[in-house]
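Working notes, structure below.
The values are calculated or read from the model by the stated rules, or taken from the named source; none is laboratory data. Since we're looking at a predicted model, the values are computed, not measured. All Cβ positions, glycine included, derive from the backbone under ideal geometry; neighbour counts span all protein chains shown.
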Amino acid sequence: MSTKKIAVLTSGGDAPGMNAAVRAVVRTAISFGMEIYGIRHGYNGLLTGEVEKMGLRSVSNIIQRGGTSLLSARSPEYNTPEGVKKAADKCRELGIDGVVVIGGDGSFRGARDLTGAGIPCIGVPGTIDNDISSTDFTIGYDTAMNTAMEMIDRVRETSESHDRCSVVEVMGRHCGDIALNTGIAVGAISTLVPEVPFDFEKDVVDRIKEAQATGKQHFIVVVAEGVGGVNEICKKIEAATGIESRATVLGHVQRGGSPTVRDRVIASRMGYHAVELLRDGKSNRVVAMKGEDIVDYDINEALAMPRVFDEKLYQISMDLSR
Ligand code: F6P
């Protein structure tokens, strides 16, 4: 039997820890006696032929780096039936008989389509948002939360010095997980997430006033990107409470930086598992974390899973921040 040839790509928004996952895929494949190829710029690289054979040293010195050494892209051309066929044909031309796709839900849909076109794919969840329902944890999420926490701790020092309210926007378009956890970690007086409808008077103004009445003089409000409007929120807080307020949008600073231990280790375990699946002839699966275990699901099942917001954690954030 000929040597199995597999490839790896990163797609969609980059996330710290993607490099650790790429390294794990490359080194596991070599340990299992497979040939391994790196595809640059996500699915686009299959269309433009940016595919290179990788060796042990191709992934030296990247485990500690944010971003993705394979580069990433969102590819409109790939997202057409013709694009998928072209990508599958490229894999066949190169003799690639399996692809590990590291990315979010959109990248998993791409992996499902490529599997449908005859190239077995395995998805590995990589995105800072933690918005993939099939897994408890996505690669990059832990680092992003730690970065947001550190940045808000800094904002807090200036906020405290001036008796101000700081309203900080963290990333998360549809998912409030970064906001909720960093809100708890920085002791935000209020945390606004897209999953929970809020009443501005009750959930922001009244909470600030009640804490002010017990002697609190500076305040942090954490707002998920999906809620947005931090400048407007500042103006409304000033008008309702008389407390000078400032808005900060953390933005892409949360996407970079050296990955945490947790992100590096989970990325390594997930990358390893993905290659085990291809070695065992599996296809159309996504790797996931359930509790502390690494598991896998059929991609279609994974994409259909409903997202569960942690209501209890939200309640804890409300009860502790006063
Ligand atoms: O999905 C990750 C994420 O960082 C989101 O939190 C954010 O809304 C989006 O990507 C930003 O995308 P882009 O880098 O394309 O502007």
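Within the stretch 214-228, residues that are in the same structural domain as residue 197 (by TED's automatic domain parsing) and within 16 Å of the ligand (Cβ to nearest atom) have Cβ atoms under 7 Å from residues that are aliphatic (A, V, I, L, M) and part of a loop (DSSP other than H, G, I, E, B) in these pairs: 222/188; 224/193; 225/171; 227/193, counting only partners at least 6 apart in sequence or on another chain. Taken together, 3, 48 contain a single residue that is within 21 Å of residue 117 (Cβ to Cβ) and more than 16 Å from the ligand (Cβ to nearest atom), which is 48. Across the stretch 107-134, the qualifying residues are those that are more than 25 Å from residue 147 (Cα to Cα) and within 16 Å of the ligand (Cβ to nearest atom), and the one among them that is surrounded by the fewest Cβ atoms within 10 Å (Cβ to Cβ) is 109. Note on the stretch 167-213: among residues that are closer than 23 Å to residue 136 by Cα and small (Gly, Ala, Ser), the one that is nearest to the ligand (Cβ to nearest atom) is 172. Of all residue pairs spaced 6 or more apart or on separate chains, those with beta-carbon atoms under 7 Å, a first member in the stretch 88-106 that is assigned by TED's automatic domain parsing to the domain that holds residue 9 and under 22 Å from residue 137 (Cα atoms) and a second member that is outside any loop (DSSP other than H, G, I, E, B) and hydroxyl-bearing (Ser, Thr, Tyr) are 101/107; 102/10; 103/10. Among the residues of the stretch 10-45, those that are in contact (Cβ under 8 Å) with a residue 60 or more places away in the chain and assigned to a loop (DSSP other than H, G, I, E, B) comprise 11, 12, 13, 14, 15, 16, 17, 32, 34, 42, 43.
Residues in the stretch 263-291 that are within 15 Å of the chain's Cα centre (by Cα) and among the small types (Gly, Ala, Ser): 267, 288. Comparison of 240, 274 shows that the only residue that is crowded, with 21+ Cβ neighbours inside 10 Å and touching a helix residue (DSSP H, G or I) at 6+ places or on another chain (Cβ under 7 Å) is 274. Exactly one residue out of 201, 225 is crowded, with 21+ Cβ neighbours inside 10 Å, modelled with pLDDT of 95 or more and either among the charged types (D, E, K, R) or over 31 Å from the mean Cα position of the chain (by Cα) (or both), and it is 225. Scanning the stretch 101-134 for residues that are in a loop (DSSP other than H, G, I, E, B) and out of contact with any helix residue (DSSP H, G or I) (no Cβ under 8 Å at 6 or more places or on another chain) returns a single hit, 104. In the stretch 57-69, the residue that is nearest to residue 119 (Cα to Cα) out of those that are in contact with a helix residue (DSSP H, G or I) (Cβ under 6 Å, 6 or more places away or on another chain) and not polar (S, T, N, Q) is 59.
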